[in-house]
Amino acid sequence: MKIMLDNNIWSYLGDERAGDRFKALVRSLGHHVVTPPGVLLEVLRHPRPDKREAIVRAVLTGTDERLRSEADLEAAEVVAEVRRLRPQWVRAVPDTGREASRRTFWTKTLWRRALDSHELFGETAPARHADRTAQHLVDVQKTQQKAWREGRFDVGDLSRIAACPSEETGPGPRLGWEPGDRIAAWRPLTQEVYWRSFAVGRRSALTHEDATDADWVGTRVDLGSMCASREEFNRFWLYGVDAAHMPRNWLRWAAQTVQADMKVTGGNPRDVQHASHLPDCDVFLTADKNFVRVLDRIGRQAPVPVGRGLRVAPAAHGGVVEAIEAALRTA
């Protein structure tokens with residue numbers, strides 16, 4: 001069974017210096033621990049050097065498989081759908097060197113540097129950008145939550161959440177949208193995210209903005225061709241792509257949507273990252289009971305099988321390793 005741990009569980013393991021005991025437990029049960037780089041990156045930003053080093057050691061000791069980043073994996077879904085639906089947008093010569101270099105950083109280089117250089121990561125430009133992006137997501141969710149509660153909007157069944165252009169919808173997003181069509185909400189929202197991301201990618205050489213999505217997709221897709229017609233771009237998302245072919249992008253939307261129906265916290269953006277990796281695990285362990293609720297709701301409605309959330313309660317079992325064992329024996 002593949003297991004992924006939330007940052008809060010790694011923090012408990014670091015605080016209790018229990019990385020070796022956790023590793024022994026996992027091996028005895030025949031399980032396999034997978035960890036995405038986003039988890040390690042968040043750990044590297046812990047404000048206290050002594051605690052940070054202990055947590056990093058636990059992550060490095062306890063991880064069996066280092067996953068590709070969520071941006072890499074989500075982009076791979078987009079590329080695959082472009083190949084299936086719009087092969088004319090695929091680059092004749094993919095930039096495999098740039099792709100391999102970026103992937104090597106997230107799966108190898110970051111991990112090698114984690115212990116020796118952990119004090120350098122907290123104030124990097126990507127870290128500061130991540131803070132701004134995370135705060136924007138939290139602000140959007142708070143606004144969305146207020147509107148939903150005022151309108152008594154029901155988000156219980158994600159498959160029934162549909163959208164159509166409103167008076168506030170600009171002319172660009174309207175292109176390609178058949179009059180009167182109500183479309184699954186994840187489609188236009190994901191469409192807009194990528195349109196903006198690719199626009200940033202086209203100007204980032206001058207503005208130095210973060211262009212992560214454009215960088216990953218652009219290694220194999222000609223973004224100029226993909227974005228040449230806003231109407232065709234929109235129709236690709238509104239009527240073409242299949243949620244079962246891009247579950248990570250669907251999960252990102254679903255997690256953000258369900259979160260806005262609960263208490264909005266500063267940890268939501270990190271949890272959205274974790275949700276993108278649910279297809280990579282069978283079980284996701286967390287001490288956050290609200291995140292377990294989010295995982296349960298999106299997991300039951302996901303377009304593909306995904307890992308299910310399990311609550312770990314260290315205080316109730318006398319220690320984090322004992323609590324992990326108790327949770328795993330219920331899986």
D296, sole failed condition from (1) among the charged types (D, E, K, R); (2) at pLDDT 95 or above; (3) out of contact with any helix residue (DSSP H, G or I) (no Cβ under 8 Å at 6 or more places or on another chain): (2)
Residue match in segment 300-322 (condition: within 17 Å of the chain's Cα centre (by Cα), of a type in the set (D, E) and either surrounded by 22 or more Cβ atoms within 10 Å (Cβ to Cβ) or closer than 30 Å to R21 by Cβ (or both)): no
Given (1) closer than 30 Å to V321 by Cβ; (2) touching a helix residue (DSSP H, G or I) at 6+ places or on another chain (Cβ under 7 Å); (3) not β-branched (V, I, T), number of the condition A75 does not satisfy: (1)
Total residues in segment 280-298, condition of a type in the set (V, I, T), touching a residue at least 60 places away in the same chain (Cβ under 8 Å) and within 14 Å of L5 (Cα to Cα): 2
Number of positions in segment 1-57 that are part of a loop (DSSP other than H, G, I, E, B), touching a residue at least 24 places away in the same chain (Cβ under 8 Å) and either hydroxyl-bearing (S, T, Y) or surrounded by fewer than 19 Cβ atoms within 10 Å (Cβ to Cβ) (or both): 7
A313 being without any contact (Cβ under 8 Å) to a residue 60 or more places away in the chain and under 16 Å from I9 (Cβ atoms): yes
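The values are calculated or read from the model by the stated rules, or taken from the named source; none is laboratory data. Note that the structure is a prediction, hence the values are computed from the model and not measured. Glycine gets a Cβ as well: all are built from the backbone with ideal geometry, and neighbour counts include every protein chain shown.
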